[in-house]
Amino acid sequence: MLTTTSAQQCPFMPGGEGGDAAPEQGSGAEQGGPTLSFGGNTPYVDYAGIDTLLSLQRTRTDEPAESAFLIATQVMELLFTLVRERWEAARDALEADDVPGAVAWLRRACHAQDVLNDSWGLINDMTPTEFNRFRDSFGEASGFQSYGYRKLEFLLGNKSAAMIRPHKAMEPVADELTRLLERPGLYDAALRLLHRRGLAVPADRVERDWTQAYEPSPEVERAWAEVYADDRPGNDLFLLAEALMDVAERVTRWRHLHLVAVKRTMGRKPGSGGSNGLNWLARHVEQDVFPELWSLRNTI
């Protein structure tokens, strides 16, 4: 008969049967429990920077909803970093002709994107009156000023040198955005791989001015259609196409969730960063990521 030790193995549970704490003396190793005595901060606090992390929720009003708004924003920024790391790893794998590696990184990115999308749930029950009670406190601050999110857009092919301008005074940030602007994005790397595999991807999609936003191509759509003509599990290009679609679908979902959150909390008021708010977001939602992977579905 097997007995579970999951309670003892969980890092957030005290040791001992039924969650009882191990005795304080010694390391706790003799009883199979955790170490309970430390001379300063616990190693967990130091490793994860918990004190610093929890000091960053500096609200500016007494409105309780502001805390949820601020925490949700910070959680999203952390997840932007994780998604970017995984998309960059996938891009680099594609450039190295490692399709299985790229697909694996894209799948991992999708897990992070799912958590990112779910994070809207932290604030999507906020009422307009709650939002109004702290909105003035953040002045011109706006999500479009997020350089973490801008890196994701550049990796997706939505390039715009003008969007680096808000960060010019932050030289390391501007330099990193410029590097992303000037090199192939995730989809560019996929098309370059298709070309190397002998598919008829046009030359102007293999080498081009990477600082320009990606524009759809009928020839690229036909190349992807050729990939989809062989949907056997052993076709790594087909698996890549579907992994890219998984990413693209989650990006679309993120944008739609953003739109709905804004519509619910502030309607059609102008955005805090100077945009026309809901209309600007609605146009963004309609912009397909990896467009030929969507359009070919009209003809397959």
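The values are calculated or read from the model by the stated rules, or taken from the named source; none is laboratory data. Since the structure is predicted, the reported quantities are computational estimates derived from the model, not experimental observations. Positions of Cβ are backbone-derived with ideal geometry, glycine not excepted, and every protein chain shown enters the neighbour counts. The protein model used for the area step is the full one, side chains on, heavy atoms only, and it has no ligands, DNA or RNA in it. Shrake-Rupley method; radii C 1.70, N 1.55, O 1.52, S 1.80 Å.
Looking across the stretch 162-178, the residues that are aliphatic (A, V, I, L, M) and either crowded, with 17+ Cβ neighbours inside 10 Å or within 21 Å of the chain's Cα centre (by Cα) (or both) come down to MET163, ILE164, VAL173, ALA174, LEU177. Between LEU186, LEU181, the distinction of being out of contact with any Ser or Thr (no Cβ under 6 Å at 6 or more places or on another chain) and crowded, with 17+ Cβ neighbours inside 10 Å belongs to LEU186 only. Restricted to the stretch 52-76, and to residues that are among the β-branched types (Val, Ile, Thr) and farther than 16 Å from SER137 by Cα, which residue is surrounded by the most Cβ atoms within 10 Å (Cβ to Cβ)? Residue satisfying both the conditions and the ranking: VAL75.
Look at (1) closer than 15 Å to GLU292 by Cβ; (2) out of contact with any Pro (no Cβ under 8 Å at 6 or more places or on another chain); (3) among the aliphatic types (A, V, I, L, M); (4) open to solvent by less than 50 Å² (accessible area, probe 1.4 Å) and you find that VAL220 fails only one, number (2). Restricting the search to the stretch 275-300, which residues are open to solvent by 20 Å² or more (accessible area, probe 1.4 Å), in a loop (DSSP other than H, G, I, E, B), within 24 Å of GLY157 (Cα to Cα) and not hydroxyl-bearing (Ser, Thr, Tyr)? The answer is ASN276, GLU286, GLN287, ASP288.
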